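The values are calculated or read from the model by the stated rules, or taken from the named source; none is laboratory data. The shown structure was predicted, so the numbers you read here are calculated from the model rather than taken from an experiment. For neighbour counting, all protein chains shown are included, and Cβ atoms are generated from backbone atoms with ideal geometry for every residue, glycine included. When the accessible area is computed, the model is the full protein with side chains, heavy atoms only, and any ligands, DNA or RNA have been set aside. Shrake-Rupley method; radii C 1.70, N 1.55, O 1.52, S 1.80 Å.
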Amino acid sequence: MTTARSIIPLLNRLISRSQPSRSVTYMHRPGDGSPRPVTLIPGDGVGPLVTDAVEQVMEAMHAPVYFEKFEVHGTMKKFPEEVLDSIRKNKVCIKGGLATPMGGGVNSLNVYLRKELDLYASLVNCFNMRGLPTRHENVDIVVIRENTEGEYAGLEHEVVPGVVESLKVITKFCSERIASYAFEYAYLNNRKKVTAVHKANIMKLADGLFLEACREVAQKYPAIQYNEIIVDNCCMQLVSKPEQFDVMVTPNLYGNLVANTAAGICGGTGVMPGGNVGAEHAVFEQGASAGNVGKDSIVAQKTANPVALLLSSAMMLRHLQFPAFADRLETAVQKVILQAKVRTKDLGGSSTTQEVVDAVIDALD
Amino acid sequence: MGGRSIAAGSMKLKGMVKHAIGSGRSVTYMPRPGDGAPRGVTLIPGDGIGPLVTRAVEQVMEAMHAPVYFERYEVHGDMKRVPEEVLESIRKNKVCLKGGLKTPVGGGVSSLNVQLRKELDLYASLVNCFNLPGLPTRHHNVDIVVIRENTEGEYSGLEHEVVPGVVESLKVMTKFCSERIAKYAFEYAYLNNRKTVTAVHKANIMKLADGLFLESCRQVATKYPSIRYNEIIVDNCCMQLVSKPERFDVMVTPNLYGNLVANTAAGIAGGTGVMPGGNVGGDHAVFEQGASAGNVGNEKLVEQKEANPVALLLSSAMMLRHLRFPSFADRLETAVKRVISEGKYMTKDLGGVSTTQEVVHAVIANLD
């Protein structure tokens, strides 16, 4: 890291923006370096391409992780029990997206996984990357979204033919724990502000309950600024003045839309990292996927962008307490983006996934 | 387009050919005797910046000698219901122009804006978000019309606390409402020479509710074979809006998504201060600022009288067209666009320092 900093001053600012430029001396306990198993689900669409990218980079770094691969596809009726057992054993999983069929009777397996393992917080970090100019600058937003209830309760019924009721369920329990997670995240990551996103002027009871929970938790963190914003104003502010947002805590549906909008303004879903976490397990995946697993042409030509999943795997390495490996991986990825020579189509280039992976491996210290 | 000579002088209408409004065509509208008789329009100043911007519209209408007269009624967001006399007036006049009504957050009072829309069954809300020449934004070639279902969906107002700490909120979707909003959207596209209608949904998760909405859209689409129809999931839609907004044309959405999509689109095209819109039903039409981001302006704007009147002026031009006074509508829109394109009189949200009154004077000065 020291060599890179002295060569490229821009890279210096870049690194010090995403993490303080400290030399990390992590005094570990004997045995901390033994390899950790991680469940790997390649998934559908671009999933296998990008998870393979992660495997290659991990191997090149000699990172102390090994992957247990399982095939799961969005067309399966249920999530295979052996995969769930593996995640329960390993506590950590990295996955590609699972394609959810529209309509019909099959529920989304992505949602099923989150509910089954009670991964109640979904986190997406949307920020401007050096070397990737976008229409908005100084963006660094973390969207923390409630992952298990709200509009995704999956409770719908047809009252009479032609009239459907869909239940949105909000509970104090879930609202409290997501608010606690958001403030704790802000506290641990030196963030200054938490913004709650809601529509309590219309859904007074449901979103009102969510707001109450946020306000209660806010009182326990007096050093962190707390404010609230109605979701339609929030969308508008996101596209005009995104630099005003820091950490945002939202119920399920709004979080989905806010996260995808924020990802879009910072460079697209191909670069934003994220993950889902619960009390006992963590599943890392591309931060925002805009509800799809990539176009067929991208899969066929192998031009999917691996950056998002690589950065998510760096988050995973930090989660597993391997900070030096995480730093190396992130630095390498950021170098590749900054140099702008090897880029996939969504960032304006013409490289394939493999070319980006090779560039990242080259850039590793 | 030869008609540009009309709008000559300081106009730089390069990219605006697509826009029928203000494109400088000469309209010869052969009226029937009596068509010029003044029409009554209900006017509700409302809260916050409402009185400022509705006053701006009144001034401009008077300067144009437009054949409308306003019947003004005071309504405020903290009233329990919309007063019956106001509803009577709107039912008589069929057309209303209003500022926003402030909705208290939480508590027991329902939004009066929503109440008005449900009472008069104004089932379609329309917001036109487009780039204005002279107003640079981060996105170009934007011209999106968001048609949003206005009466059901997540705004049914049916919530209850099952047990303390557990709340259920009902989202109701019906075939009837989905069909009529889809029909309105395709009819709008047909009458305004638009090429594509995009349905926004989340039917991968809410399979029955949004599935019903999609079915209705597909059925109506088969009746308009020359209009292209496609569907997009709402989270992908938000992302596409901020990266490639030029690919959207007319969008038809259920209630909540429409609110978010409209505000996002307004934000990328210049802000809620300039986008026109309105609500229309089978019998009545209520025109107001297109997207308001759920508020009635901050207090500073009200005190210093710096609210942006452009959105409501453009909405009142839509109202004039609705009342069949197209040449007045054209004059008004041309004047407003000239003011924006010259860039001398702009309120704070557009980067200027003018007050509402200064913008109004500039618009009046620019009227043909």
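Can you pull out every residue in the stretch A:345-365 that is in contact (Cβ under 8 Å) with a residue 40 or more places away in the chain, part of a loop (DSSP other than H, G, I, E, B) and open to solvent by less than 30 Å² (accessible area, probe 1.4 Å)?
Of everything in the stretch A:345-365, those that are in contact (Cβ under 8 Å) with a residue 40 or more places away in the chain, part of a loop (DSSP other than H, G, I, E, B) and open to solvent by less than 30 Å² (accessible area, probe 1.4 Å) turn out to be A:S351, A:L364.
Quick one: which residue in B:L122, B:L132, B:L126 is assigned to a loop (DSSP other than H, G, I, E, B), more than 13 Å from chain A (Cβ to nearest Cβ) and within 29 Å of B:S89 (Cβ to Cβ)?
B:L122
Just for the stretch B:271-283: of the residues that are more than 9 Å from chain A (Cβ to nearest Cβ) and open to solvent by 20 Å² or more (accessible area, probe 1.4 Å), which one is nearest to B:L241 (Cα to Cα)?
Looking at residues that are more than 9 Å from chain A (Cβ to nearest Cβ) and open to solvent by 20 Å² or more (accessible area, probe 1.4 Å), I get B:V280.
Has the stretch B:72-88 got at least one residue that is in contact (Cβ under 8 Å) with a residue 60 or more places away in the chain, surrounded by fewer than 22 Cβ atoms within 10 Å (Cβ to Cβ) and out of contact with any helix residue (DSSP H, G or I) (no Cβ under 7 Å at 6 or more places or on another chain)?
Initial filter on the stretch B:72-88 (in contact (Cβ under 8 Å) with a residue 60 or more places away in the chain): B:77.
If we keep only those that are surrounded by fewer than 22 Cβ atoms within 10 Å (Cβ to Cβ) too, we end up with B:77.
Still in the running and out of contact with any helix residue (DSSP H, G or I) (no Cβ under 7 Å at 6 or more places or on another chain): none.
No, that holds for no residue.
Among the numbered criteria (1) modelled with pLDDT of 90 or more; (2) over 27 Å from A:C234 (Cβ atoms); (3) of a type in the set (S, T, Y), which single criterion is violated by A:S297?
Of everything listed in (1) modelled with pLDDT of 90 or more; (2) over 27 Å from A:C234 (Cβ atoms); (3) of a type in the set (S, T, Y), A:S297 misses just condition (1).
Applying the selection to the stretch A:97-128, what residues are open to solvent by less than 60 Å² (accessible area, probe 1.4 Å), at pLDDT below 90 and part of a loop (DSSP other than H, G, I, E, B)?
A:G97, A:L98, A:A99, A:T100, A:P101, A:G103, A:V106, A:S108
What's the number of the condition B:G100 fails, among (1) in contact with a Leu (Cβ under 6 Å, 6 or more places away or on another chain); (2) surrounded by 22 or more Cβ atoms within 10 Å (Cβ to Cβ)?
Looking at each condition in turn, B:G100 falls short on (1).
Please state which one of A:T303, A:T331 is among the β-branched types (V, I, T) and in contact with a Lys or Arg (Cβ under 7 Å, 6 or more places away or on another chain).
A:T303
Out of everything in the stretch A:229-246 that is more than 8 Å from chain B (Cβ to nearest Cβ) and without any contact (Cβ under 8 Å) to a residue 40 or more places away in the chain, what residue ends up being least open to solvent (accessible area, probe 1.4 Å)?
A:C234
Picking from A:V342, A:V249, A:V299, which residue would you name as being outside the structural domain of A:A53 (by the TED database) and either surrounded by fewer than 24 Cβ atoms within 10 Å (Cβ to Cβ) or part of a strand (DSSP E or B) (or both)?
A:V249
Looking at (1) open to solvent by less than 10 Å² (accessible area, probe 1.4 Å); (2) at pLDDT below 90, which one does B:R324 not meet, given that it meets all the others?
(1)
For the stretch B:50-67, enumerate the residues that are in contact with a Leu (Cβ under 7 Å, 6 or more places away or on another chain) and either open to solvent by less than 30 Å² (accessible area, probe 1.4 Å) or not assigned by the TED database to the domain that holds B:V302 (or both).
B:V53, B:T54, B:A56, B:V57, B:V60, B:M64, B:A66
If you take the residues in the stretch B:197-216 that are small (G, A, S) and in a helix (DSSP H, G or I), which one is farthest from the other protein chains (Cβ to nearest Cβ)?
If we take residues in the stretch B:197-216 being small (G, A, S) and in a helix (DSSP H, G or I), then B:S216 is farthest from the other protein chains (Cβ to nearest Cβ).
Can you tell me which of (1) open to solvent by less than 40 Å² (accessible area, probe 1.4 Å); (2) away from chain B (no Cβ under 14 Å); (3) within 27 Å of A:T353 (Cβ to Cβ); (4) in a helix (DSSP H, G or I) is the one A:C93 doesn't meet?
Only one criterion is unmet by A:C93, namely (4).
Does the stretch A:141-156 include one or more residues that are surrounded by fewer than 18 Cβ atoms within 10 Å (Cβ to Cβ), in the same structural domain as A:L209 (by the TED database), of a type in the set (D, E) and free of Cβ contacts under 8 Å to residues at least 60 places away in the same chain?
Within the stretch A:141-156, not a single residue is surrounded by fewer than 18 Cβ atoms within 10 Å (Cβ to Cβ), in the same structural domain as A:L209 (by the TED database), of a type in the set (D, E) and free of Cβ contacts under 8 Å to residues at least 60 places away in the same chain.
This table checks each residue for (1) assigned to a helix (DSSP H, G or I); (2) touching a residue at least 40 places away in the same chain (Cβ under 8 Å).
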position: B:G273; (1), (2): no, yes
position: B:G282; (1), (2): no, yes
position: B:K300; (1), (2): yes, no
position: B:A307; (1), (2): no, yes
position: B:A317; (1), (2): yes, yes
position: B:D330; (1), (2): yes, yes
position: B:K344; (1), (2): no, no
position: B:D349; (1), (2): yes, yes
position: B:S354; (1), (2): no, yes
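If you go through the stretch B:260-271, how many residues are assigned to a helix (DSSP H, G or I) and out of contact with any strand residue (DSSP E or B) (no Cβ under 7 Å at 6 or more places or on another chain)?
Of the residues in the stretch B:260-271, 5 are assigned to a helix (DSSP H, G or I) and out of contact with any strand residue (DSSP E or B) (no Cβ under 7 Å at 6 or more places or on another chain).
Scan the stretch A:204-217 and give yes if some residue there is within 9 Å of chain B (Cβ to nearest Cβ) and not in a helix (DSSP H, G or I), otherwise no.
Yes, because at least one residue in the stretch A:204-217 is within 9 Å of chain B (Cβ to nearest Cβ) and not in a helix (DSSP H, G or I).
Please work out if B:V252 is more than 8 Å from chain A (Cβ to nearest Cβ), closer than 17 Å to B:Y123 by Cα and among the β-branched types (V, I, T).
yes
So B:A311 clears everything in (1) under 23 Å from B:T137 (Cα atoms); (2) out of contact with any helix residue (DSSP H, G or I) (no Cβ under 8 Å at 6 or more places or on another chain) except one condition, right? Which one?
Among (1) under 23 Å from B:T137 (Cα atoms); (2) out of contact with any helix residue (DSSP H, G or I) (no Cβ under 8 Å at 6 or more places or on another chain), B:A311 violates only (2).
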